[in-house]
Amino acid sequence: MSSKIKIAPSILSADFSRLAEDVIKVENGGADLLHIDVMDGHFVPNITIGPVVVQALRPRTRLPLDVHLMIENPERYVDAFADAGADYLTVQVEACVHLHRVLQAIRARGMKAGVALNPHSLLSSIEEVLPDLDLILIMSVNPGFGGQKFIPQALDKLSRTRKLLKERSATHIEVEVDGGVKLQNAQEIVNAGAQILVSGSEIFGSKDPAETVREMKRLCD
Ligand code: DX5
Ligand code: ZN
């Protein structure tokens, strides 16, 4: 497991009328993954994009596509996102009656399997599926929108996540944090245990997204 901190800009805050241009900017800035937020208007009170946008972006970037499904019944869309070119597929633990089966289905299609925990969700809810996980996404906002404030309880949850992975000899699982990540709090979040930082409005809301990615990496490495 590399100790390098990875930056995953979230396209939710990008300019959707010039999406590929914005993606190329953050790729040039040294982004490590591209975080793609899929919302269905049911699991969260917002609707964003589906597999067709992943498919459109796939040939335009070399970045691994880190797809975050904030949708009900995500098991229905594993094939569609695999076919569209997703590299990581993360489901919300709260949306999965049969989480173990969904994670197996994701891996069966050659993608890395991730699970996201909302701020209220217990870390213990994923203990039994650690063998089936490549990524744990700790939500530091209530999902649905960009530009929200970082929930400080996420720091302790990040530390407890890393402790759990060490205890279970599962440190190959990457720990990602998502929501309210800024230049100002990035270092503190990394110190708490995050290995992948998702950041949307801080990066795409800045006048130079590429430079903001570089700055975030400088602060964290
Ligand atoms: C929220 C999404 C996040 C969001 C992050 O539901 O999962 O990925 O886009 O955006 P910022 O960094 O603006 O909080
Ligand atoms: Zn997200």
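The rule of thumb for compact globular proteins, 2.2 N^0.38 Å, goes into the C-alpha radius of gyration of the stretch 141-221 1.13 times. Sorting 94-103, 28-37 by their mean Cβ neighbour count within 10 Å, with the most densely packed peptide first, gives 28-37, 94-103.
Checking the table LYS112/LYS217; LYS166/LYS207; LYS112/LYS157; LYS163/LYS207; LYS25/LYS157; LYS157/LYS207 against a 28 Å threshold on Cα-Cα, which pairs fail?
LYS166/LYS207; LYS163/LYS207; LYS25/LYS157; LYS157/LYS207
For the chain, the 222 nm mean residue ellipticity estimated from helices alone, with every DSSP H stretch of n ≥ 4 adding -39500 (n - 2.57) and the total spread over all residues, rounds to -9000 deg cm²/dmol. Within the accessible area of the chain, what % is carbon and sulfur when the probe is 1.4 Å and the other protein chains stay in place? That share works out to 51 percent. Using the Cα gyration tensor of the stretch 1-41, with a ≥ b ≥ c the square roots of its eigenvalues, what is the shape: rounded (a/c below 1.5), prolate (a/b larger than b/c) or oblate (neither)? Verdict is oblate for the stretch 1-41. Average accessible surface for the stretch 77-215: 43 Å² per residue, computed with a 1.4 Å probe over protein heavy atoms with every protein chain in place.
Given R0 = 25 Å, the distance between the Cβ atoms of ARG18 and ASN73 translates into a calculated FRET efficiency of 0.20.
The values are calculated or read from the model by the stated rules, or taken from the named source; none is laboratory data. None of these values were measured; they are calculated from a predicted model. Note that each Cβ is placed from the backbone with ideal geometry, even for glycine, and that neighbours are counted across all protein chains shown. What goes into the accessible areas is simple: the full protein's heavy atoms, side chains included, and nothing from ligands, DNA or RNA. Shrake-Rupley method; radii C 1.70, N 1.55, O 1.52, S 1.80 Å.
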